[in-house]
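Everything below concerns the one structure shown next.
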Amino acid sequence: MNDPQKILYIAGLSKSFGKLQVLSDISFSVERGETICLLGPSGSGKSTLLRCINWLERPNAGRIYLNGSEIGVTGHGLVMKDSELSKLRTRMGMVFQHFALWPHLTVLQNVMEAPVQVQKRAKAEVEAEALALLAKVGLSDKRDVFPARLSGGQKQRVGIARALAMKPDVLLFDEPTSALDPELVGEVLLVMRALASEGMTMVIVTHEMAFARDVASRILFLDQGRLIESGTPADFFTRPQTERARLFIQRYAGVAAA
Amino acid sequence: MSLNDVLAILQGALATVTLSAIGILIGLPIGLGLALIRWARVPVLSGIVAVYVSVLRATPLVTLLLLLFFALPNIGIPLGPISAAILALTMNTSAFNCEVWRSSLVNFPKDQYEAAQSFGMQAGQRFRRIILPQIIHDSLPGLVNEMSLLIKVTPVLAVVGVVDITRAAVRIGAQTYEPLPPFLVAVAIYAPIVYALVALQRFIEKRRAAAEAST
Ligand SMILES: Nc1ncnc2c1ncn2[C@@H]1O[C@H](COP(=O)(O)OP(=O)(O)O)[C@@H](O)[C@H]1O
Ligand SMILES: [Mg+2]
């Protein structure tokens with residue numbers, strides 16, 4: 001877990017809501033520069049897994065390390081204070097299914113908010129970086145617009161720029177294109193492809209099978225809260241080990257497989 | 001009705017405005033604080049606040065005022081009419097404000113809050129930077145409505161001897177045996193006070209809409 005190549009290291013993670021066991025004994029690690037696509041049927045626990053990683057949801061068991069530092073639990077085995085958790089969270093960027101932009105702030109302000117307010121970095125420096133990020137996601141002309149006036153695809157690109165602005169070690173995506181009209185999916189995936197090729201470390205929950213097949217360095221397959229497959233896209237899509245994965249591929253990846 | 005009479009009513013207006021303003025200024029943040037206690041489900045306190053708010057919302061202001069004015073001195077807390085008036089107004093309006101704030105908080109989109117959390121904002125920052133600016137906007141109509149109501153119930157302060165607009169008008173009417181003119185003056189004074197509040201609300205909303213429309 002102190003391997004510098006391992007950005008994320010997750011061991012024995014379990015989570016239940018009351019009697020409902022949502023995640024059971026999940027273990028995996030993510031190396032620097034990897035693009036992990038996390039697949040699985042709806043309700044299999046994908047969102048909960050991402051939310052446990054940054055402790056938006058508190059796991060019932062297991063350990064999570066980010067760059068060698070354990071998240072959520074202090075050296076004395078106590079649950080971390082808000083302030084300690086916050087520090088670790090700034091090293092993970094989260095991109096949400098429904099964007100979760102802050103509607104009272106402009107596009108540029110959305111991107112600058114966390115670096116300035118949380119990381120306490122100099123405004124001028126952050127602004128220059130934020131503008132560069134907006135250029136990168138193709139939204140320079142929208143800097144002073146409020147989110148309400150953007151299309152879904154534009155909102156999600158702002159969401160990605162906002163997450164990148166903290167210079168995180170890893171980006172977590174929870175179905176970033178599921179809420180988009182089909183014709184807007186491409187522009188968001190394009191940005192994500194560019195990030196993957198630049199070596200950004202990412203964990204992406206998605207139902208875009210063609211994207212997963214092309215871009216993922218590794219596929220994780222979650223079924224009923226268990227991690228039952230882990231392998232390269234080629235292995236996963238052509239030689240799935242489990243019946244559940246085979247059924248899933250048949251059902252969701254029909255188009256991608258054709 | 002003489003000039004002096006008009007001045008007396010204006011003096012009453014000053015009392016109405018001052019006492020309402022004090023009640024509003026103290027009641028707004030207290031209402032917000034109470035709403036936050038309920039929203040964050042602070043153990044024990046949350047339950048106490050719930051009871052406090054429902055009792056106060058059910059108690060007529062005049063009853064509360066008389067209770068404070070006569071009961072508190074009985075248990076050794078001396079209270080003048082002005083203090084009793086301010087205390088009653090504040091308690092009453094904070095309970096109603098609490099419900100306005102709380103409904104904004106309850107309806108606040110969870111994903112925005114979680115986004116702030118996942119970007120490392122701590123509870124105080126999340127509240128100040130993300131929630132407060134939005135719930136102020138959302139609560140404003142309800143809060144202004146409650147302020148107008150508060151101004152319009154100030155005549156009950158007369159029961160403990162505070163001379164507000166209406167009480168001044170009653171006095172003058174009784175002295176001059178011409179009740180109509182002083183009451184017309186009184187009505188003419190209430191209207192602009194409440195109107196000023198509504199105008200303020202419109203101004204704030206317009207400014208925001210203008211900011212959002214400018215691209
Ligand atoms: N806060 C919660 N309280 C209770 N049950 C939850 C909560 N969040 C998720 N669940 C349940 O956990 C299961 C997994 O949900 P989720 O992680 O959202 O799955 P996925 O993202 O793979 O569709 C579902 O059965 C869901 O109803
Ligand atoms: Mg999900």
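Table for the structure above
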quantity: Only Lys, Arg (+1) and Asp, Glu (-1) charged, at Cβ; chain A dipole about Cα centre in debye; calculated: 400
quantity: Where the protein assembly as shown is the region considered: accessible area per residue in Å², 1.4 Å probe; calculated: 46
quantity: A:Glu183/A:Ser140 FRET efficiency (R0 22 Å; Cβ-Cβ; nearest 0.05); calculated: 0.50
quantity: Largest to smallest principal axis extent of the C-alpha atoms in the protein assembly as shown, angstrom; calculated: 100, 50, 43
quantity: Taking N as its residue count, the alpha carbon Rg of segment A:137-212 over 2.2 N^0.38 Å; calculated: 1.07
quantity: Chain pair B, A: total accessible area buried, heavy atoms, 1.4 Å probe, Å²; calculated: 2300
quantity: Heavy-atom accessible area order for B:Phe203, B:Phe119, largest first, 1.4 Å probe; calculated: B:Phe203, B:Phe119
quantity: Binned Cα-Cα distances of segment B:60-203, short to long, each 5 Å bin given as a whole percent; calculated: 2, 9, 13, 13, 14, 13, 11, 9, 7, 5, 3, 1, 1, 0, 0
quantity: For chain B, size of Cβ-based charge dipole, Lys and Arg +1, Asp and Glu -1, in debye; calculated: 460
quantity: Portion, in percent, of the accessible area of segment A:107-195 that falls on carbon or sulfur, probe 1.4 Å; calculated: 51
quantity: Occluded residues from segment B:108-123, i.e. those whose accessible area drops by 20 Å² or more once the chain is not alone (1.4 Å probe); calculated: B:Asp111, B:Gln112, B:Glu114, B:Ala115, B:Gln117, B:Ser118, B:Phe119, B:Gly120, B:Met121, B:Gln122
quantity: Carbon and sulfur %, accessible surface of chain B computed with the full protein complex present, 1.4 Å; calculated: 69
quantity: Mean residue ellipticity (222 nm) of the protein assembly as shown, computed from DSSP H runs ≥ 4 via -39,500 (n - 2.57), nearest 500; calculated: -18500 deg cm²/dmol
quantity: For B:Arg202, solvent-accessible area (1.4 Å; no DNA, RNA or ligand), Å²; calculated: 130
quantity: Overall Cα dimensions of chain A - principal axes, largest extent first, Å; calculated: 52, 52, 35
quantity: Chain B: angle of helix B:81-106 to the longest principal axis, Cα-based, in degrees nearest 10; calculated: 30
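The values are calculated or read from the model by the stated rules, or taken from the named source; none is laboratory data. Not measured: the values here are computed from a predicted model. Cβ coordinates were reconstructed from backbone atoms using ideal geometry, including for glycine residues, and neighbour counts include every protein chain displayed. The area values use the complete protein model at the heavy-atom level, side chains included, leaving out ligands, DNA and RNA. Shrake-Rupley method; radii C 1.70, N 1.55, O 1.52, S 1.80 Å.
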